[in-house]
Amino acid sequence: MKESHTLIHTIIDEIEKVVIGKREKIELAMAAFLSGGHLLIEDMPGVGKTTLAKAISQVLGLDFGRIQFTSDLLPADIIGVNYYDVKSGEFLFKKGPIFSSVLLADEINRATPKTQSALLEAMAERQVSVENKTYPLPDPFFVIATKNPFEESGVFRMPSSQLDRFICTISLGYADGESEREILRQGEEKDLHALKTFEKEAVMKLLSLSRNVHVSDEILDLVQKIIKITREHGLFEYGLSTRGALALLQLAKAHAVVSGRNFVIPNDVTDVLEPVVIHRLELSNHDHSEPASKKILALVCQDC
């Protein structure tokens, strides 16, 4: 475990060379990857979302694909199409950009819900179906989607079924003064190819670590208490689903791995609670004076 923990933090160190001053967010992104889930980044333009996605792909030594979502994008532009090959006299399948190990779905909510739904099967089952034929996606398959704030013009509301496929949501935000000064020194162009690239075999071994993380009854009690609060205390329009609860536990296990442990502690659950629920729960009274996770944890502590 110690060797794996060292490797994970070496990977994070490499990514932080180009995504400066955002170590906590990089750790969450790595936890999302190690959990086998997908990552949603909601933020303004120009804070490093694309750089983060490219750096993850480069350092992990994985194929990178990018889709720029627009209102006229079609599902076939993502998945691929069947075409008639004159030489062979057969219909062949031309793979779309979704056949990448790390896929950046840029500004995903600028596409219509119908086009967004083209990712549903891929994200859930690691495969796509075209004309009754199924094509497996690469292993690993990690989607990093960027989402524009809903207040912007030209965006569509994402269906809850699509949002639920993302294990967590993060926001990079502005850099602090010292980090921004370093970014200004470096300039806009970042040489991602100068980053160290790790062997795919070593990366694949990391993906199995979270499956072997121990979860005690105490942790399961905590997760179930959180689920119950979201469903019964009237704070939210609707409570956390079973899939959402599994996502919370899954990311908590990956967070433990990033922290160098093979067992989950309560802090793993509470540290990832906000990224997991922020896109899954909507406050019933629309009171956003404090994060949903703080409201939940306050009620958890009352019951302790």
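Bear in mind these aren't lab numbers, they're just calculated from the coordinates by the rules spelled out. Since we're looking at a predicted model, the values are computed, not measured. Here the Cβ positions follow ideal geometry from the backbone for every residue, glycine too, while neighbour counts run over all protein chains shown.
Points to keep in mind about this one:
- Using distinct alpha-carbon pairs, which all enter the 1/r mean, Kirkwood radius of region 52-105 in Å: 12.7
- Sequence-distant lysines (8 or more away, or on other chains) whose Cα lies within less than 19 Å of residue 114: 147
- Checking the Cα-Cα distances for 2/294; 94/253; 196/295; 49/95 against a 30 Å cut-off, the pairs over it are 2/294; 94/253; 196/295.
- Within the chain, the longest segment free of exposed loop sites, counting trypsin sites (Lys or Arg not before Pro) that fall outside DSSP classes H, G, I, E and B and have at most 14 other Cβ atoms within 10 Å, spans 197-304.
- Cβ-based net charge around residue 243, under 10 Å, with every Lys or Arg adding one and every Asp or Glu removing one: +1
- All-pairs Cα distance distribution in region 2-206, expressed in whole percent, bin size 10 Å: 8, 33, 33, 19, 5, 1, 0
- Model label points for residue 174 and residue 130, set 7 angstrom from Cα along the Cα-to-Cβ axis, are 4.5 nm apart.
- Taking amide hydrogens as placed 1.01 Å from N in the peptide plane, the amide H of residue 130 sits under 5 Å from those of 135, each at least 5 positions away in sequence or on another chain.
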